[in-house]
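Step one of this worksheet: look at the structure below.
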Amino acid sequence: MQLAAIRRFGRIGCKGLKGALLLFVGFSTQILGAGLNSYTDLIAKDAGAMPRNGVRVTYLGTNGYQFEFQGHALLVDPYFSRVDLFSIALGSRLQPNMSRVVGGIRYLAPRADAILVTHGHFDHLLDVPIVMSRTHARLIASASAVDLAKRAGASPGDAVTAGDVRRIGPWKIRVLPATHDRLFGRVPFDQPETHGSGRPQRPSDWICGEPLAFLIEVGGQRIYIDSGGTPAQLPPNERVDLAILGMALPDSRARLPAALERLHPRYVLPSHQDNFFRPLDAGFQFGPLTDFSRVRRDCEQANHGRLILLDYFRPWTLPPGGGSKSQSSNPKQRIKS
Ligand SMILES: [Zn+2]
């Protein structure tokens, strides 16, 4: 059952012993379920009141984030339904889990300026129409993701491509090209289904489309965020204060050292590492195909910025300032806020 599940998710056949072994290791990890307890020294969180002029970052699980600055909020990839693996594997009809979505929205600001979506997969876009309506946010995503959201009931979104720039409230958002990690050799759900003109229903209806990354500038801070990617497409060659890098699968891990070299971040936040088939209230558990020990090792060797982790719904405020090389490259820097 589990082999069939992952095959279907990847839409490929599993080739031989190597693939079977990888799956066994993956599911063993899922069963054993490492959480964040071993990494308390890396977890960043606010100790008290929100510092002035800082950008507050709240992790929503999977690749979801809320950024807040001076009364404004911006969301990326909010996903609370956390559909279980077997529903995905069986190609079941997907519906947002309303009680979970409402539970997640309780942690959000009442209004958001926009929702940025990196690509159209269900774990990034399924809940977006509801979150849009509840937070009065506009959607900024690729044309195919905007189309999917609209077919799922969302109000019209702003279809963007790499190179576009949007200014909304205090936010300057640069849209950047990205790639999607491959699962056993190919991007999952990367082709439109032949029946895919109505409301998206099955997991494969939520196609990847054009993957995007975003460079968000606010209050003098620069935050880069993507959902992973292959070494064929690296982040821009410019310094950022916070790099949020998807780390779900081997492709993104392979490009990590080069990504850090280009971004020179003050803080590095590996993302999309949790097991997003489990509900959020079950707590953070690393996903079956992640490898955080390697991510940590590569970050320490790269010596660019401070590696941090965030727990679900525990805000952390990105300290203002910094940006100089001496500050940005100091791996001993301690989290104060
Ligand atoms: Zn995806």
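The values are calculated or read from the model by the stated rules, or taken from the named source; none is laboratory data. A quick note: this is a predicted structure, and the numbers were derived from the prediction, not measured. Cβ atoms come from the backbone with ideal geometry, glycine included; neighbour counts cover every protein chain shown. Side chains are part of the model used for accessible areas, which takes the heavy atoms of the whole protein and leaves out ligands, DNA and RNA. Shrake-Rupley method; radii C 1.70, N 1.55, O 1.52, S 1.80 Å.
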*Identity of the residue in the range 47-76, out of contact with any Asp or Glu (no Cβ under 8 Å at 6 or more places or on another chain), of a type outside the set (A, V, I, L, M, F, W, C) and farther than 13 Å from Gly169 by Cβ, that ends up surrounded by the most Cβ atoms within 10 Å (Cβ to Cβ)*: Gln66
_Of everything in the range 77-100, what is among the basic types (Lys, Arg), assigned to a loop (DSSP other than H, G, I, E, B) and open to solvent by 10 Å² or more (accessible area, probe 1.4 Å)? Give them in sequence order._
Arg93
*Output for the range 238-247, where each listed residue is open to solvent by 20 Å² or more (accessible area, probe 1.4 Å) and either more than 18 Å from Val165 (Cβ to Cβ) or modelled with pLDDT of 95 or more (or both)*: Arg239
_Going residue by residue through the range 301-313, is there one that turns out to be at pLDDT 95 or above and in contact with an Asp or Glu (Cβ under 6 Å, 6 or more places away or on another chain)?_
no
*Since Ala248 meets every condition but one in (1) touching a helix residue (DSSP H, G or I) at 6+ places or on another chain (Cβ under 9 Å); (2) assigned to a loop (DSSP other than H, G, I, E, B), which condition does it not meet?*
(1)
*For the range 142-178, enumerate the residues that are without any contact (Cβ under 8 Å) to a residue 60 or more places away in the chain, open to solvent by 20 Å² or more (accessible area, probe 1.4 Å) and within 16 Å of the ligand (Cβ to nearest atom).*
Pro177
*Which number in (1) touching a residue at least 40 places away in the same chain (Cβ under 8 Å); (2) surrounded by fewer than 17 Cβ atoms within 10 Å (Cβ to Cβ); (3) touching a strand residue (DSSP E or B) at 6+ places or on another chain (Cβ under 7 Å) marks the one condition that Gly103 misses?*
(3)
*Checking Ser293 against (1) on the phi < 0 side of the Ramachandran plot; (2) touching a residue at least 12 places away in the same chain (Cβ under 8 Å), which single condition isn't satisfied?*
(2)
*asked:* What's the total number of residues in the range 227-278 that are without any contact (Cβ under 8 Å) to a residue 40 or more places away in the chain and of a type in the set (S, T, N, Q)?
replied: 2
_Quick check on the range 248-267: of everything there that is farther than 22 Å from Asp77 by Cα and touching an Asp or Glu at 6+ places or on another chain (Cβ under 6 Å), which residue is least open to solvent (accessible area, probe 1.4 Å)?_
Arg266
